[in-house]
Amino acid sequence: MTELNLERRIEAILFASGAPVPCERLAAALGMSKAAVYQQVQLLAEQYGREGSALQILRLEDSFQLATLPQYAPDIRAALVITRNIPLSQAALEVLAVISYNQPVTKAFVEQIRGVDCSAVLNSLVEKRLVEEAGRLELPGRPISYRTTDVFLRCFGLENLEQLPPVPGRDTELPGEPLSMEETAASVAPLEPDKPETP
């Protein structure tokens, strides 16, 4: 099996999936090691770049997704008659900041930080697939916890959560400490410039 064939096999799987494919699943399907998959994906991504392709490979945590380059989005929308999505509201960005920097968290935790009911905003983020349920906590009432998704990473141009911008004024030596409301407001600013369109 040549390297070219391996690249094309990976390309075919990513194209057919249409969603992020875990590296482990690619390795199992192709009978390769994860390290070999990473190498072949990198070669394929470099080939797209050299050839000026409209395609790119996104790395989302330990998964890969075949996608078009951002500059072709207007043409795709026009051809597929896709309506432009409404940008996230300030409230949605704040809830997303609380979840992304503290996940997994419960709705009660988010509401404690923000001081207001977040049911509608949280449901909207789940519908937009930016946030998902992460199971139930072993606490009284067994509340549902939430975490961000691969769609969140893609919308904000991140490979993983380690690439989240630092919160202004926060000591990076204190990971895991919940954001205060002031820090939540400050953390929204680094996320806003991209003004991602929800999927």
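The values are calculated or read from the model by the stated rules, or taken from the named source; none is laboratory data. Because the structure is a prediction, the values reported are computed rather than measured. Every residue, glycine as well, gets a Cβ built from its backbone with ideal geometry; the counts of neighbours run over all protein chains shown. Heads up: the accessible areas ignore ligands, DNA and RNA and are worked out on the full protein's heavy atoms, side chains in. Shrake-Rupley method; radii C 1.70, N 1.55, O 1.52, S 1.80 Å.
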Inset, instruction - Test Ser145 against the criterion of being of a type in the set (Gly, Ala, Ser), in a strand (DSSP E or B) and surrounded by 15 or more Cβ atoms within 10 Å (Cβ to Cβ), and give yes or no. - result: yes
Inset, instruction - Among the residues of the stretch 17-30, count how many are at pLDDT 90 or above and either out of contact with any strand residue (DSSP E or B) (no Cβ under 8 Å at 6 or more places or on another chain) or open to solvent by 50 Å² or more (accessible area, probe 1.4 Å) (or both). - result: 6
Inset, instruction - For residues that are open to solvent by less than 80 Å² (accessible area, probe 1.4 Å), outside any helix (DSSP H, G or I) and either among the hydroxyl-bearing types (Ser, Thr, Tyr) or at pLDDT below 80 (or both), tally how many sit in the stretch 66-81. - result: 1
Legend entry - Per-region count, the stretch 39-72, residues touching a residue at least 40 places away in the same chain (Cβ under 8 Å) and not β-branched (Val, Ile, Thr): 12
Inset, instruction - May I ask you to say which residue of Arg129, Arg154 is at pLDDT 80 or above and on the phi > 0 side of the Ramachandran plot? - result: Arg129
Legend entry - Yes/no for Tyr101 being of a type outside the set (D, E, K, R), under 30 Å from Glu138 (Cβ atoms) and either open to solvent by 20 Å² or more (accessible area, probe 1.4 Å) or at pLDDT below 90 (or both): yes
Legend entry - Every residue from the stretch 45-65 that is outside any strand (DSSP E or B) and out of contact with any strand residue (DSSP E or B) (no Cβ under 9 Å at 6 or more places or on another chain): Glu46, Gln47, Arg50, Glu51, Gly52, Ser53
Legend entry - Checklist (1) of a type in the set (Lys, Arg); (2) closer than 25 Å to Leu66 by Cβ; (3) open to solvent by 80 Å² or more (accessible area, probe 1.4 Å) applied to Arg136, failing item: (2)
Inset, instruction - Considering only the stretch 96-130, state which residues are in contact with an Asp or Glu (Cβ under 7 Å, 6 or more places away or on another chain) and either assigned to a loop (DSSP other than H, G, I, E, B) or closer than 20 Å to Val151 by Cβ (or both). - result: Asp117, Cys118, Val126
Legend entry - Matching residues, the stretch 135-164, being of a type in the set (Lys, Arg) and under 11 Å from the mean Cα position of the chain (by Cα): Arg147, Arg154
Inset, instruction - Have a look at Leu93, Leu130, Leu122 and point out the one that is open to solvent by less than 30 Å² (accessible area, probe 1.4 Å), touching a residue at least 24 places away in the same chain (Cβ under 8 Å), closer than 30 Å to Leu44 by Cβ and of a type in the set (A, V, I, L, M, F, W, C). - result: Leu130
Legend entry - Pairs where the first residue, in the stretch 102-119, is acidic (Asp, Glu) and the second is outside any helix (DSSP H, G or I) and buried (at least 17 other Cβ atoms within 10 Å of the Cβ), C-beta under 6 Å, 6+ apart: Glu111/Cys118
